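In what follows, a structure is listed as structure tokens, so that the remarks can point back to it.
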Amino acid sequence: MFKNLLLAIDGSDHSNRATEKAIELAKLEEGSSIEILYVVAGSKSKTDVLHYGDSDNASRKRKQILTKYEEMINEAGIPVEITVLHGQDGISEPIIEHANNGSYDTLVIGSRGLSTVQTMVLGSVSHKVLKYVKAPVLMVK
């Protein structure tokens, strides 16, 4: 039932809780695995480069974020894979496309991410994902 989980993260507190829940689900069935999905928005990519000095430093910072989640899952004894995508117009579209093109039993995502402005103005990423992903979606508060 929960053998092939997709976990969309952004480094927020909600991503931490979503990771914990994905681990719980994966432990329910032997042989389960989790794929971590991290999407870099085009505007965020440019901001990161300016903030961290260059694209190599920005990539290292993203790797630090991803390593934290990878270690949590590895410590639980669950196979993990990391996928990083780049979204030109936002974060939700690449998540939706990746989830719909894969054969995932469940997508686990935090109910809120790092961008409160996007939540207020555009509607949250998690709500768009919930609406358009074909697989079951577990939104974690």
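The values are calculated or read from the model by the stated rules, or taken from the named source; none is laboratory data. Please read all numbers here as calculations on a predicted model, not as lab measurements. FYI the Cβ positions are ideal-geometry reconstructions off the backbone, even for glycines, and counts take in every protein chain you see.
The table for this structure:
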| quantity | calculated |
| --- | --- |
| Residues satisfying the stated conditions in segment 1-15, i.e. part of a helix (DSSP H, G or I) and at pLDDT 95 or above | none |
| Near pairs, Cβ below 6 angstrom, 6+ apart or cross-chain, from segment 1-25 (among the small types (Gly, Ala, Ser)) to any residue that is modelled with pLDDT under 95 and in a loop (DSSP other than H, G, I, E, B) | Ser12/Gly113; Ser12/Leu114 |
| Exclusive hit being surrounded by 14 or more Cβ atoms within 10 Å (Cβ to Cβ), of a type outside the set (Phe, Trp, Tyr) and modelled with pLDDT of 95 or more, set Glu71, Glu35, Glu75 | Glu35 |
| Hits in segment 70-101 (condition: under 16 Å from Ala26 (Cβ atoms) and either among the β-branched types (Val, Ile, Thr) or in a loop (DSSP other than H, G, I, E, B) (or both)) | Ile73, Ala76, Gly77, Ile78, Pro79, Val80, Ile82 |
| Condition met for Ser45 (modelled with pLDDT under 95, within 23 Å of Lys141 (Cβ to Cβ) and of a type outside the set (Val, Ile, Thr)) | no |
